[in-house]
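Okay, so here's the structure we're looking at.
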Amino acid sequence: MTIHSLVRTQMHFARKGIITPQMEWVARRENLSPETIRDEVARGRMVIPANVNHTRLEPMAIGIAAKCKVNANIGNSPVSSGQAEELEKLTTALKYGADTVMDLSTGKNIRPIRQALIENSPVPIGTVPIYEAIEMVDNPLDLTADMLLEVIEAQAAQGVDFITVHAGLLAEHVPLVESRITKIVSRGGSLMAQWMLHHNRQNPLFERFDDLLDICRRHDVTLSLGDGLRPGCLHDASDRAQFAELATLGRLTAMAWEKDVQVMIEGPGHMPMDQIPMNMEKERELCHEAPFYVLGPLVTDISPGYDHIASAIGAAIAGWNGASMLCYVTPKEHLGLPNAEDVRNGLVAYKIAAHAADVARQRPGARNRDDELSRARYAFDWNRQFALALDPDRAREYHDETLPEEAHKSAHFCSMCGPKFCAYNISHEVSAGVAKNKAKG
């Protein structure tokens, strides 16, 4: 593989003191100074996933100084969905506020689907390259390091903004999962563990990490260092396997930063609520404050069909305690391939979690929208309430379905209480009475 010295990463420019157009764009979006964005990127506490080949991109930032972000996973499977369905999911994800979108396709036509997504997406697109690499071989054990790096190079040239690589799952970590109930639940992690055991070799991405970094430097691909040993149930959370891999991710982060490659760290998984703050702190300690990107975590294992709720609870706690981006979970988690409606439900649940985290962290202006909606609610300004809601269509649908059409916009009540028992109506009368008494002296 030819090694090129060209470096075009946001971290490279930031460390030279240069404020790029991408940094200026992010500063406006985040209501922060361009200098703050530059300094956070230079420090590694913030990433701007912005592949130089993704021409339609509207830059965004992931980091503790920025608002908490939400990623939406889409993608086909070997048994379901195609390009039209995935573009519909992308459109839905964008409509309901996804900050990034990951194409996790594992079926046929992966490359054309990804190309269509990149061409139609103003938000960063992420992938897990090993999925496409596995599709190239009849037997996953036939995969080679060169093949995997060739796929990564092709995806980078195509315009993928960030990639999940399970480079920190080492051969010596694999035996540590034997005390677990669910062993290895990461698809990429399980494939890598299987390959290492069969070949009696170390993780090829770990061994060829410098080659991987050279690809990222040329195209400015942000590394999302994957947690191949993330816990897949409450029993397995915060164990030796999880933290051994996390420590390795910290080492890889330092190596990436030496080459000006942007990095974020992926986190669990499934986890009891009381362990979430400790895990956020441990990631900061071991991974040098690189942005933390968490899947959930799900705070219970008994919620199939409602895992978007169980995980949004954990996501809100994680965001409050320092997670920079939340990877959504849909109602189909553990059950099947999500459709567009599942994307909607999962994304709205996670936008609630991310916003709640921003409010709890007292981000400047984070609560303004809440206060504005509350004023509209008290004033019975239904249209304004709908406009401010995270899902305006759903709010309007629920409001209108049990009221006469003529009352949809003007009623000073909803169908739960009606006019006689509406606390807001009564409060208006109480306030009028207080004002009247005050005027009398």
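Couple of notes before you dig in:
- Between SER431 and MET273, the FRET efficiency from the beta-carbon distance, with R0 = 51 Å, is close to 0.80.
- Look at where the Cα atoms of segment 239-273 and of segment 65-138 average out, and the two centres are 23 Å apart.
- Nonlocal amide H pairs with LEU298, under 5 Å, H built at 1.01 Å: GLY269, HIS270, MET271
- Beyond 22 Å in Cα-Cα separation lie the following of the pairs LYS16/LYS259; LYS69/LYS89; LYS16/LYS282; LYS69/LYS259; LYS67/LYS95; LYS95/LYS351: LYS16/LYS282; LYS69/LYS259.
- Accessible area per residue in Å² at 1.4 Å probe, computed on segment 145-294: 33 Å²
- Inter-centroid distance (Cα atoms) of segment 205-229 relative to segment 276-331, Å: 23 Å
- Each Cα pair under 8 Å and six or more residues apart adds its separation to the average, and for segment 99-162 the resulting relative contact order is 39 percent.
- Counting only DSSP beta bridges whose two residues both lie in the chain, roughly 10 percent are antiparallel.
- Taking every alpha-carbon pair under 8 Å whose residues sit at least 6 apart, segment 20-136 reaches a relative contact order of 24 percent.
- Acute angle (nearest 10 degrees) that the helix 110-120 long axis makes with the longest principal axis of the chain, alpha-carbon atoms: 40 degrees
- Ordered by solvent-accessible area of protein heavy atoms (1.4 Å probe), largest first, the residues PHE243, PHE13 come out as PHE13, PHE243.
- Cα lying deepest toward the dipole's positive end in the chain, options ASN31, CYS287, LEU141, charges on Cβ: ASN31
- Based on DSSP H segments of at least four residues, each scored -39500 (n - 2.57), the chain has a per-residue ellipticity at 222 nm of -14500 deg cm²/dmol.
- Contact order normalised by residue count of the chain, Cα under 8 Å, 6+ apart, percent: 15 percent
- Anisotropy class of the chain from Cα gyration tensor, a/c 1.5 cut: prolate
- Against the criterion of solvent-accessible heavy-atom surface with a 1.4 angstrom probe, THR127, THR144 sort, most first, into THR144, THR127.
- Per-peptide packing, taken as the mean over residues of other Cβ atoms within 10 Å, places 21-33, 372-384 in the sequence 21-33, 372-384 from highest down.
- 0 to 90° range, to nearest 10: angle between helix 368-378 axis and the chain longest Cα axis: 30 degrees
- Axis angle, to the nearest 10 degrees, between helix 145-158 and the longest C-alpha principal axis of the chain: 40 degrees.
- Partner aspartates and glutamates whose Cα lies under 16 Å from the Cα of LYS183, excluding those fewer than 8 positions away in the same chain, are identified as GLU172, ASP227, ASP236, ASP239, GLU245, ASP301.
The values are calculated or read from the model by the stated rules, or taken from the named source; none is laboratory data. Being a predicted model, the structure only gives us computed values, none of them experimental. Cβ: placed from backbone, ideal geometry, glycine included. Neighbour counts: every protein chain shown. Ligands, DNA and RNA are excluded from the accessible area calculation, which covers all protein heavy atoms including side chains. Shrake-Rupley method; radii C 1.70, N 1.55, O 1.52, S 1.80 Å.
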